[in-house]
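The values are calculated or read from the model by the stated rules, or taken from the named source; none is laboratory data. Here the structure is a predicted model, which means the values were calculated and not measured. In this analysis, Cβ positions are derived from the backbone assuming ideal geometry, glycine residues included, and neighbour counts consider all displayed protein chains. These accessible areas exclude ligands, DNA and RNA; they are computed on the full protein's heavy atoms, side chains included. Shrake-Rupley method; radii C 1.70, N 1.55, O 1.52, S 1.80 Å.
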Amino acid sequence: MYITYIYEEATMPQPLAPETIAIIKATAPALQQHGLAITTRMYARLFEDPAMKVLFDQAAQSSGEQPKRLAGAILAFARNVDNLAVLSGAIEGIAARHVAARIKPEHYPAVAAALLPAIADVLGEAATPEVLEAWGQAYWFLAEVLIGREREIYAGG
Ligand code: HEM
């Protein structure tokens, strides 16, 4: 019990509150249903910053379609924020892909700043402050998991 606690403390971000998870689960289906609209809005915002656009252009050597999966993946993963074991394989693959694309922790705020307004646009009136707060927390939870794993890979592991 004690060892488990130490391990999680060292490798995982703070777990999300049950109320946050409940909001995410309640709103995730609506967001996933409108995944294309969210993706379109998110990338329009993200690519207003040339530094972001270059990052994706350089990375999209193997397939130009890959970046379009980012928003959809964030939505899908957020649905499983309370069951990270399900996501471990996917997280490993994304972290490896991010490292290949030289993604760094400082890139994460721009994606949050593009994704959350896109969610607000798509949800409309349903995007209450509580809903947006919950999605912001879910994004950063996932981001911290990825950043942590990417840091390990950059360090050689
Ligand atoms: C919680 C946050 C994020 C999630 C869940 C996520 C998810 C994903 C997924 C699912 C892929 C495709 C992986 C594959 O093909 O195997 C991907 C690739 C990629 N992501 Fe992320 N991502 C996140 C944050 C970011 C950030 C902050 C950036 C940089 C601004 C970024 C840039 C990229 C790039 C450049 C690729 C590769 C695209 C390509 O080479 O075609 N991602 N990400």
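Quick notes on this structure:
- Taking (1) hydrophobic (A, V, I, L, M, F, W, C); (2) part of a helix (DSSP H, G or I); (3) open to solvent by less than 40 Å² (accessible area, probe 1.4 Å); (4) modelled with pLDDT of 90 or more in turn, residue 153 satisfies each apart from (3).
- Close contacts from the range 116-129, counting a first residue that is more than 16 Å from residue 72 (Cα to Cα) and a second that is at pLDDT 90 or above, with Cβ to Cβ under 6 Å and a gap of 6+ residues or different chains, come to 127/120.
- Among the residues making up the range 95-150, those that are of a type in the set (Gly, Ala, Ser), within 15 Å of the ligand (Cβ to nearest atom) and under 23 Å from residue 26 (Cα atoms) are 112, 113, 114, 118, 134, 136, 138, 143.
- Candidates are the residues of the range 98-150 that are open to solvent by 40 Å² or more (accessible area, probe 1.4 Å) and assigned to a loop (DSSP other than H, G, I, E, B); the one that is farthest from residue 15 (Cα to Cα) is 102.
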